[in-house]
Each structure stands twice: as structure tokens, then as C-alpha cells.
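K.L.:
Submitted below is the structure of interest, expressed as C-alpha cells.
No lab work stands behind these numbers, since they all come straight from the coordinates. The model shown is predicted, which means the values in this text are computed figures rather than measured ones. Reconstructed Cβ throughout: ideal geometry from the backbone, glycine too, with neighbour counts over all protein chains shown.
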Amino acid sequence: MDLRRDFLKTGALLAAAPAFLKGAPDSKPIKVGLVGCGGRGTGAAAQALKADDYSELVAVADIEQSRIDDSLGRLKKVAENKVKVAPGMMFNGLDAYKQVIASGVDVVLLATPPGFRPQHLREAIEAGKHVFCEKPVAVDAPGVRSVLETAQLAQEKKLSLVSGFCWRHANQIKDIMGRVEGGAIGDIVSYYATYYTSPVKPMPPATERPAGMSDVEWQIRNWYNFTYLCGDGIVEQAVHSVDKVAWAFKDLPPASCVGVGGRQIPANAGNIFDHMEINYVWPDGRRAFIGQRQIEGCHNENSDYIMGTKGAALIGRGPMPRITGENKWTFEGAKVDMYQAEHDALFASIRRGEPLNNGTWMATSTMLAIMGRMSAYTGQQITWEQALGSQEQLFPDNLKWDGSFEPPPLARPGITKFV
């Protein structure tokens, strides 16, 4: 099976999706359902309510009512007249997403921990819903393959599928990437991206675990520390940098990568690394490097250095993107809210009746990050075909809120095997 060929073939099919969809009349409400009422989900819902004059939030789901209440309270401060969630449209539990999908909504916002994403996305698209899908779209290769199939299904159903890779909607980044693509720095030679920051959600000590709390509940409440839920730091957070690399390389997969990484600061539990460095190489020999770290007290940086034959492009390390070399340039003008812009694009596509499908490139970027993690965890060089064809399934089937689950131990490069 030629996975590279099949992957690119799928991308071509999606790019050629017919621009037709039965659009909503100008004054018809677009009913929105939110799955995952944390900070990112609440933010996505606020942006969805601002994106269309007649959008309204009518159904929500989360693991517990208190999170829903907090989310709705914040949303009412943003657009109280558009928050129309009746008591019977608030759903709790791991299966609550099913109830949102079945509630009569037009658009589903998916903002749970990433391990749940492939299943939630599949069921939403199968039910004929437009979807805003937060990044990353999966935590393992089986999940990515599922998302590719779902993206194809969205095309067939003429549904919009917009991803949470927000930098693709930032006007200043679109501007510099367009100039790079147009040859402003010549041919790209290499790309170095950094995502150095502090821990997102440190794991609390086991002594803080309430008596009687199940393994699964404890892990989900501390989801960022478990690979099966978050994918690790490069997949959940630094995937934004990976996505910009993919963008610059025209969303074409690399040939292979080699990664290094580990856990420098002992953790109370969990099984994610706190640092990685990934070296990707494309078939034509060009390379990209991603540095990712989540450790307190260290140098923080989120920048992109794109080196070309006629100059360099720099994102970060200053207020505005800029180009040096033969064609010097600095972005001028106001930056748009990229989080709002992605929802504006989604709802505009629904109103126009022209489906917008980000399925292939959001899967490409997620797979690039997973591929890097695979290499760092195993200490092996991993090819694109190996990565996309991997049979390692991190996210378990039939996860139960009150169930037991033991994730794999912290990976040990040179000992942990590629699956």
C-alpha cells in the first residue's frame, strides 16, 4: 500500500470538492452545539456567536454540569440574546456529545481533549453536521486515518469542516507565507520553529486524587499529562508550529524524521515528555526543525525562521513578521483576531452554500507532529509511510468514566518499540 500516494490522492480529491451546498437563508438561525465547555470550547462558542448575525447556541455537552454552568455564564456576557440553551439541552458525561449531535443543531464545535476527536468528528459528519474541529485532530495514526476518511465523507455530504489551526487565518501570517510562496526569499532551504514555554497543566500529586475517583476520571481531569488524551506537547501545543512548517512546504509529507527528547523534570504521574527536538527531511533534501519544551524557568520563545536562497522570513522575535535579504519587507497594518477569523470563514461558507473543507491539511499537520513524537519516543528514524501506517492505537475503545485504564509507561528511546 503506497500511503504517500494515497494520502496525496485524498488531498487532491478534497481540493476538488464541488462548490455547492444548500445554504441557509439570510435570516435563518444557524443552531450551534458545543462539545467541551473548557476555556477553548467557551472561546470557540463565543466566536461562533459573533461570526453570524443569526447564529445561536442551543446545546452543550461536558463531563459535568458545573463546567457547563461556568461556560454559559461567560458566554452570556458576550452575547446573552444568542445563548438559547434550555435545561434539557445541557448534557453530561462521555457520551453527551451524541446528544448534542442529535439535538437538531446545524454546527458542532468540537473542543474536548484531542483523543476523543476522531470519534466525535466521525459521528458529527455522519449525522450531517457542519463542524469546527479544534487542533490536533487525533493522537495516533489510526485516528488520523479515521479523520481522513471523515474528511472525504464531509466532501461527499457537502459539509463544511474547519480546523482550529488558527494561524492559517492570521492575516499577517497569510501575508508573509504568500510572499514566501511567491519567491520573496527564493527557494526554501530550511525551516526552524520554536515552541518553548511552561507546562500547560502540571500533574497534581496522587495525594490530591479524591477517594474513589476512577482512573479514567482522574486522567481526563488531568488530560494534558497523558499521551492517549493529549498526544504530548508537540502534538497538542507545538502542532501550531508544525502546521506552519507544513504550510510552507505546501502540505506535502516529509520523507522521514529523527527526533530526540525525554522527561527532564520528574512528574508525579503521566507519560508525556517535557522536551523534544524533531528533524524532518523532505524527498528533495530540504529540512525543517521543531524545538518544543515545557519546563519552568527556561527561555521561552515561539518563533519561525525560514531560510531561503535569497533571504529569510521571520515570524516572532518581534511584533511583526518580516523578510530580510534581497526583498526586504515588514508587515504593516492591523492584525485580525485569527480565532474569530476561522469561525467567520466557517459560517460564511455555510451562508454562501460553498463548503469549506480543511480535512486533508489538518490531518497532515497532526500526522507530522505524531510522526515526530514516534521518533522521539523510540529513538528511531521514522518514515512517513511507517508513521501513517502505524498500528499503535493510544486511545482505547469503549472508555468508561468510572473505568480503569493504565496508559503505557513513559517512553524510553532505544527501548520503546515502534508499532
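K.L.:
Of Ser66, Ala124, Gly104, whose Cα points farthest to the positive end of the dipole of segment 51-128 (charges on the beta-carbon: +1 Lys, Arg; -1 Asp, Glu; origin at the Cα centre)?
P.N.:
Among Ser66, Ala124, Gly104, the one farthest towards the positive end of the dipole of segment 51-128 is Ser66.
K.L.:
What are the semi-axes of the equivalent ellipsoid for segment 289-349, taken as the square roots of 5 times the Cα gyration tensor eigenvalues, largest first, in whole Å?
P.N.:
Three semi-axes, in Å: 25, 22, 12.
K.L.:
Relative contact order of the chain, please, whole-number percent, based on alpha carbon pairs below 8 angstrom and at least 6 residues apart.
P.N.:
Computed over the chain, the figure is 22 percent.
K.L.:
With unit charges on the beta carbons (Lys and Arg positive, Asp and Glu negative) and the dipole taken about the Cα centre of the chain, which residue among Ala387, Ala170, Ala45 sits farthest to the positive side?
P.N.:
Checking the options against the dipole of the chain, the answer is Ala170.
K.L.:
Given only helices, namely DSSP H runs of n ≥ 4 each adding -39500 (n - 2.57), what is the per-residue ellipticity at 222 nm of the chain, to the nearest 500 deg cm²/dmol?
P.N.:
-10500 deg cm²/dmol
K.L.:
Then there's this: What is the mean projected area of the alpha carbon convex hull for segment 185-273, to one decimal in square nanometres?
P.N.:
Projected area, direction-averaged: 7.5 nm².
K.L.:
At 0.36 nm per residue, minus the direct Cα-Cα distance, what do Asn302 and Val200 gain on full extension? Give it in nm, one decimal, please.
P.N.:
Here the answer is 35.3 nm.
K.L.:
Please find, in a Gaussian network model of the chain (springs between Cα atoms separated by less than 10 Å), the residue of Gly316, Gly291, Gly333 whose mean-square fluctuation is greatest.
P.N.:
Of Gly316, Gly291, Gly333, the most mobile in the Gaussian network model is Gly333.
K.L.:
Using the reciprocal of the averaged 1/r over all distinct C-alpha pairs, how large is the Kirkwood radius of segment 223-338 in Å?
P.N.:
One decimal place: 16.3 Å for the Kirkwood radius.
K.L.:
What does the chain give for Rg and for Dmax, in Å, if only its C-alpha atoms count?
P.N.:
21.0, 65
K.L.:
Kindly provide the trypsin sites (Lys or Arg not before Pro) of segment 157-250 that DSSP labels as loop, not H, G, I, E or B, and whose Cβ sees at most 12 other Cβ atoms within 10 Å.
P.N.:
Lys250
K.L.:
Can you give the alpha-carbon Rg of segment 92-176 over 2.2 N^0.38 Å, where N counts its residues?
P.N.:
In units of the globular-protein estimate, segment 92-176 measures up at 1.12.
K.L.:
Loop only per DSSP, at most 12 neighbouring Cβ atoms within 10 Å: give me the chymotrypsin sites (Phe, Trp or Tyr not before Pro) in segment 48-129, ordered by residue number.
P.N.:
Sites meeting the loop and neighbour criteria: none at all.
K.L.:
At 7 Å along the Cα-to-beta-carbon direction for both Lys400 and Asn81, put a label point, then send me their distance in nm to one decimal.
P.N.:
Output for this residue pair reads 4.8 nm.
K.L.:
At a Cα cut-off below 26 Å, give the lysines reachable from Lys244, other chains included and same-chain residues fewer than 8 away excluded.
P.N.:
Result set, ordered by chain and number: Lys9, Lys135, Lys174, Lys201, Lys310, Lys328, Lys335.
K.L.:
Oh, and also: For the chain, what is the charge dipole size about the Cα centre, in debye to the nearest 20, if Lys and Arg each add +1 at the Cβ and Asp and Glu each add -1 at the Cβ?
P.N.:
It comes to approximately 600 debye.
K.L.:
Sticking with this structure for a sec: Residue-wise, which Karplus ³J(HN,Hα) couplings in Hz belong to segment 398-408, taking 6.51 cos²θ - 1.76 cosθ + 1.60, θ = phi - 60°, and x for glycine or proline?
P.N.:
My calculation for segment 398-408 gives 6, 5, 10, 4, 9, x, 9, 7, 10, x, x Hz in order.
K.L.:
A further question follows. Return the distance in nm (one decimal) between the two label points of a simple spin-label model at Val419 and Lys310, each offset 7 Å from Cα along Cα→Cβ.
P.N.:
4.9
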